[in-house]
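The values are calculated or read from the model by the stated rules, or taken from the named source; none is laboratory data. Computed from a prediction, not measured in an experiment: that's the story for all the values here. All Cβ positions, glycine included, derive from the backbone under ideal geometry; neighbour counts span all protein chains shown.
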C-alpha cells in the first residue's frame, strides 16, 4: 500500500518499481494468474496451477454434462476462477503468509461472445449465490 500512497519515509524499505515480465501467449495457455508477492512467497507456480486446473476441470465437467448456453458456461468459468482464488488465498494463509494477499485468475478459454449472446437478466440468473 505504501507504493500507492507514496509514503516517502518507506522508500528506503519498499521497492517502488513492480516486477514486470512480457510473455507471448501460446495456444495451450489456459489462464492468467495475477497475485501479490505475499502469495508467491509461500505458494509455488506448480501448486497454483494444480489448484486452478482442478477448479477449471471440475467446471468443464459440469458444463459438458448439461446443455449449457454461452451465459451458463461463462458464469461457471467465473465461478471456477473465484473458487480457485479462494482456495489459493486460504492455502497462502495456512502457510503463514505475512502480508496482504491478492489473487486474480483469468480463464483464457472462456467464451468470447458472451455479451453479444446474453441479456443482463440471463447473466444474473447464473451468477452463483
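Observations
- Residues satisfying the stated conditions in the range 76-96, i.e. buried (at least 21 other Cβ atoms within 10 Å of the Cβ) and in contact with a helix residue (DSSP H, G or I) (Cβ under 7 Å, 6 or more places away or on another chain): 76, 77, 80, 84, 88, 92
- Among (1) modelled with pLDDT under 90; (2) surrounded by 16 or more Cβ atoms within 10 Å (Cβ to Cβ); (3) within 22 Å of residue 42 (Cβ to Cβ) - the single one residue 99 does not satisfy: (2)
- With respect to being within 13 Å of the chain's Cα centre (by Cα) and at pLDDT 65 or above, residue 49 fits the description.
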